[in-house]
Amino acid sequence: MKLSDIMSHMNLAGYAEIALAIFLVVFIGATIWAYLPSNRNRFSLAMTLPLEDGIAVSTRHTFDADTLAIAGTKNDEAMQ
C-alpha cells in the first residue's frame, strides 16, 4: 500500500472546507468591526500617529482644526 492510497482514503477534504468557513466568518466579522462608527476615533488616531513628534494624545481624542492647532502650539513650546 502506497502513501498516496492512505492519504486518499483519509477524507481530508472536509478539513479544508471547515477552515475556509472559519476564515470567512472571521474575515466578515473583522470587516464589520472595522467599519463600525464607534471605531472612527480609534482609527483616526492611529492614522495620525506616524505624523506626530512626541505629542501626548489621549485615546478618546477627536480631531478638528482647533485641537490640532493647540497640540501643535504645545509641541512647539515644549521644543524651545
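A short reminder: the numbers here are calculations on the coordinates, not readings from a lab. Keep in mind the model is a prediction, meaning the values are calculated, not measured. No Cβ is skipped: glycine too gets one built from the backbone with ideal geometry, and neighbour counts run over all protein chains shown.
Numbers for the structure displayed
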| read-out | value |
| --- | --- |
| Where chymotrypsin sites (Phe, Trp or Tyr not before Pro) fall in DSSP loop in the range 1-47, at most 14 other Cβ within 10 Å | Tyr35 |
| ³J(HN,Hα), Karplus 6.51/-1.76/1.60, whole Hz, each residue of the range 15-23, x for Gly, Pro | 5, 5, 5, 5, 4, 5, 5, 5, 4 |
| Sorted by Cβ density within 10 Å, fewest first, the residues Glu17, Glu52 | Glu17, Glu52 |
